[in-house]
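Note sheet for the following structure.
The values are calculated or read from the model by the stated rules, or taken from the named source; none is laboratory data. All values reported here derive from a predicted model rather than from experimental measurement. Ideal geometry is used to build each Cβ from the backbone, glycine not excepted, and the neighbour counts take in all protein chains shown. The area values use the complete protein model at the heavy-atom level, side chains included, leaving out ligands, DNA and RNA. Shrake-Rupley method; radii C 1.70, N 1.55, O 1.52, S 1.80 Å.
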Amino acid sequence: MDKRVTFKGLWLPLLLVAPQAVVTAVFFFYPAGQAIWQSLFIPDPFGLSMQFVGLGNFEYLLGNSYYRASFVTTAIFSVSVTLLSMGIALYLAVLADRLIKGSGTYRTLLIWPYAVAPAVAGVLWMFMFNTRIGVVSWYLGQLGYDWNHVLNGGEAMGLVVVASAWGRISYNFLFFLAGLQAIPKSVIEAAAIDGARFWTRFRTIVWPLLSPTTFFLLVVNVVYAFFETFGVIHTITAGGPQQSTTILVYKVYADGFVGQDLGSSAAQSVILLLVVGLLTVIQFKYIERKVHY
Amino acid sequence: MATLSLRNLQKSYGRTAVIHGVSIDVADGEFIVIVGPSGCGKSTLLRMVAGLEAITAGDLFIGADRVNDREPMDRNIAMVFQNYALYPHMSVAENMGYALRIAGKPKAEIAARVAEAARMLQLEPYLARKPRELSGGQRQRVAMGRAIVRDPSVFLFDEPLSNLDAKLRVQMRLEIKGLQRKLGVTALYVTHDQVEAMTLADRMIVMNAGVAEQIGTPLEVYERPATVFAAQFIGSPAMNMLDGTGEGRQVRLANGVAVPVAVEAQGPVKLGLRPEHLTRDETGPLTMQLRMAEPLGANTLVHGTMEGVPGDVVASLPGVHREDDLPSVIRFSIPPEATHVFDAATERRI
Ligand SMILES: Nc1ncnc2c1ncn2[C@@H]1O[C@H](COP(=O)(O)OP(=O)(O)O)[C@@H](O)[C@H]1O
Ligand SMILES: [Mg+2]
C-alpha cells in the first residue's frame with residue numbers, strides 16, 4: 001500500500017528536512033570530513049605545523065601490534081556484550097510473554113536501566129566491584145575470591161562487558177517482547193496441538209519468526225558495543241589494565257586526546273567510519289530481504 | 001476415530017462463569033455443530049475440548065479416557081483455526097508435515113501422507129509455496145490438510161469459513177462435509193452462522209450465554225425449538241414471537257384475536273409463528289398492515305405490523321409479489337400444528 005504524502009512546491013519539503021540536514025551536516029559531515037583530512041597529516045610535536053604523509057598513518061596503524069590487539073579486544077568485547085545482553089533480554093522476554101498480564105510491570109521495571117547514562121552505569125558498577133569498598137568484591141572476598149579488576153585484565157574485561165550489557169537489556173527486551181507478541185497466539189497453539197513442547201515450539205516456530213527482530217538487534221547491539229560503550233569503559237577501567245579493555249573507540253580517544261597523536265587518532269576514526277558503514281550496509285541488505293519469510 | 005463425551009463442562013475466568021455446564025455424548029463419526037451468537041462461549045467450549053483452556057469443572061472423555069488433565073498434544077485432536085494459524089515461515093508441505101516431523105516419523109512416510117492429503121485437497125501444485133503466496137481458500141485447505149495428515153480422533157473447527165467470501169464459503173462448506181464423511185472422523189464445529197449449522201450438522205448445540213439451549217438434529221431444532229432463543233436463532237427470517245395468553249387450545253393476542261394452537265396452554269405465553277408458515281387466507285384470524293415487500297425471487301418477504309400487537313411481523317409468501325400489487329391489509333392463517341407456544345416466564349416450549 002502506498003501511503004506516501006505528496007507535497008506541492010519545493011519550499012515546504014526543504015523547510016521540513018532543513019533541521020535534520022543542518023544537524024547531520026554540523027555533527028556528522030563536518031567532523032567526518034575533518035577526520036579524513038587530518039588522517040592524511042602528522043602534526044609536529046608542538047602542534048604548529050602539519051606534514052602531509054598520505055596514507056602513512058594508516059600504514060603505521062595496520063603494522064602496529066597495539067592497534068591490532070585493540071581490534072581483537074573490540075571483537076571479544078562486542079561479541080560478549082551483544083550475546084550477553086540479547087541472551088538475557090530474550091530469556092526475560094520469553095518469561096514475560098508467557099504471562100501477558102504481568103508484562104506491563106516487567107516492561108516498566110526493565111526499561112529503567114536504559115534510562116541510565118552509560119557513564120553513570122559505569123560508576124554504579126565500578127562502586128559495586130570496587131576493590132576496596134565494593135559490595136560485590138567484598139562478597140567475593142568472603143567466598144575466598146580475590147577480585148581485582150584494576151590489575152587483572154580478564155576481570156576488567158568481564159566487568160566492562162557486564163556493565164555495558166546491563167544497560168542494553170531493557171532495549172533488547174522491549175524489541176524481543178514486541179516481536180514475541182506479534183506472533184499470533186493461534187500459531188503457537190496450533191504447534192502445541194501438533195505435538196511440539198515448549199522447547200520444540202521455540203526452536204521451530206518462535207525463533208524463526210523472531211529472526212527479523214534478532215537480526216536487527218544484532219546489528220544495533222554491535223554498533224552499540226563498538227561506539228557507545230565509551231562512557232562505561234572510561235569510568236570503570238579507562239582502557240586498562242595494560243590496554244586489556246582498550247576497544248577501538250577508546251583508543252581513538254586515548255591516542256588523540258591523551259597521547260596527542262592527532263593524525264593517528266584521525267586515521268583510526270576513519271577506519272571506524274568504514275566499519276560502521278559496512279555494518280549499515282549489511283543491516284539494510286539483510287533486513288530488506290533474507291530474513292523475511 | 002472416537003466417541004466424545006462432555007459431562008457438565010464448566011468454565012470460569014476468576015469469578016465470571018462463561019460456560020455453565022454443557023453435556024453431550026457424541027457418537028463416533030458424528031458431525032456436531034456448536035452454533036450461537038458472538039460471545040456466547042462457543043470458542044471457549046471448543047478450546048476446552050482441545051486442551052487450550054483449562055476445564056473448571058466437569059469431565060471430558062475422548063473414547064474411554066478422561067482427558068481433562070492431558071496436554072493438547074496428548075488428546076489426539078486436530079484443530080482448524082479461524083485465522084488458519086499456518087506457520088508462516090514453512091512451505092505448504094512443511095506445514096502439513098510438521099506434526100509428523102515433530103513425532104519423528106520417517107521422511108518417506110511424512111512425504112507419502114502429505115502427498116495423500118494434498119491430493120485429496122487439490123493442493124498438489126502449491127506444496128512448495130509459503131502461506132502468504134496462497135489465496136484465502138487455499139490457506140483454508142492447507143489448514144484442513146494439516147489436520148487430516150495427523151489422522152486424529154476428533155476434528156475441531158473454530159469458525160473456519162468466516163474469513164472467506166460468500167461463494168467460497170458455500171464451496172468449502174460442502175468440501176468439509178464431504179471430507180468428514182469420507183474420513184469418518186468425529187467433528188466439533190463452531191459457527192455463528194445458522195445456515196452453516198443447518199447444512200453441516202448431524203446434531204447441533206444451540207448455545208446462548210454459556211448455556212446449551214437445545215441439542216438436536218437441525219430438523220428437530222427447526223420443527224420443535226426447545227426455547228424462545230433457539231426458535232429465533234434458527235430459521236431465516238427469524239420466527240415471529242408474539243405475547244399472548246393461553247386459553248386451552250388457543251392463544252389470545254393483545255388485540256383480542258385468538259389463534260388456534262396444538263397444545264394446552266394457560267396464562268402468559270409467547271406465540272412463535274415462522275414467517276414461511278403464515279399463509280394468505282381471506283378468512284384467516286391474523287391481519288397485517290403492509291409496510292414493505294422484498295421480492296427475493298423464489299419467495300417474497302412482507303414486513304408489517306398487527307394492529308394492537310407491539311413489534312413487527314414478517315411473512316414469507318411463495319412467488320414474486322410487487323409491493324403495489326399487494327393489498328394494504330393482508331390476512332393470514334396458520335395451521336395449529338405449525339405454531340410454537342412458549343411459557344412467557346421460563347421461555348421454554350410448552
Ligand atoms: N481470557 C478470558 N478472560 C475473561 N473472559 C473471557 C476470556 N476469554 C473469553 N472470555 C469471555 O468468555 C465469553 C465467551 O467467549 P468466546 O468463547 O470467545 O465466545 P464466542 O466464540 O462464542 O464468540 C465472552 O463473553 C468473553 O468475553
Ligand atoms: Mg469465537
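Numerical summary
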item: Exposed trypsin sites (Lys or Arg not before Pro) absent: longest stretch of chain B, with sites in DSSP loops and at most 13 other Cβ within 10 Å deemed exposed; result: B:16-321
item: Per residue value of the accessible surface for segment A:58-290 (all protein chains in place, 1.4 Å probe), Å²; result: 50
item: 10 Å Cβ neighbours from other chains, averaged over peptide A:180-191; result: 5
item: Cα Rg over Rh - the protein assembly as shown, Kirkwood; result: 1.17
item: Tail fraction, Cα-Cα pairs, segment B:240-343, threshold 17 Å, whole percent; result: 49
item: Largest-first principal axis extents of the Cα set of segment B:1-101 (Å); result: 41, 30, 24
item: Shielded residues, segment B:85-103 - accessible-area loss of 30 Å² or more between chain alone and all protein chains, probe 1.4 Å; result: B:Ala85, B:Tyr87, B:Pro88, B:His89, B:Tyr98, B:Ile102
item: Solvent-accessible area, 1.4 Å probe, carbon plus sulfur percent, for chain A; result: 70
item: With every protein chain in place, segment B:1-99: carbon and sulfur % of accessible area (1.4 Å); result: 44
item: Cα-based equivalent ellipsoid, segment B:271-329: semi-axes from gyration tensor eigenvalues, Å; result: 18, 13, 11
item: Whole-angstrom Cα spans of segment B:4-233 along principal axes, big to small; result: 51, 40, 30
item: Stretch in chain B that is longest and holds no GluC sites (Glu not before Pro) that DSSP places in a loop and that have at most 15 other beta carbons within 10 Å; result: B:1-281
item: Fraction of beta bridges assigned by DSSP in segment B:4-233 that are antiparallel (%, nearest 5); result: 55
item: Distance histogram for segment B:141-238 (every C-alpha pair counted, 5 angstrom bins, percent rounded to whole numbers); result: 2, 12, 23, 22, 18, 14, 7, 2, 0
item: List A:Phe41, A:Phe227, ordered by accessible area with a 1.4 Å probe, largest first; result: A:Phe227, A:Phe41
item: Stokes-Einstein translational diffusion, segment A:58-290 - Kirkwood Rh over all Cα pairs, 1.306 mPa s, 10 °C, in µm²/s; result: 81
item: Along chain A, longest interval not containing exposed trypsin sites (Lys or Arg not before Pro), exposed being DSSP loop plus at most 13 other Cβ atoms within 10 Å; result: A:9-131
item: Protein accessible area in segment B:240-343, 1.4 Å probe - carbon and sulfur %; result: 52
item: Contact surface A-B: accessible area buried, both sides summed, square angstrom, 1.4 angstrom probe; result: 1800
item: For chain A, built as a Gaussian network whose Cα springs stay under 10 Å, the top-fluctuating residue of A:Leu262, A:Leu217, A:Leu278; result: A:Leu278
item: Of B:Asp325, B:Asp69, B:Asp59, the one that fluctuates the most in a GNM where chain B has Cα springs shorter than 10 Å; result: B:Asp325
item: Relative contact order of chain B, pairs being alpha-carbon contacts under 8 Å that are 6 or more residues apart, as %; result: 16
item: Heavy-atom accessible area per residue - chain B, 1.4 Å, Å²; result: 43
item: Gap separating the Cα centres of segment B:260-327 and segment A:129-157, nearest whole Å; result: 91
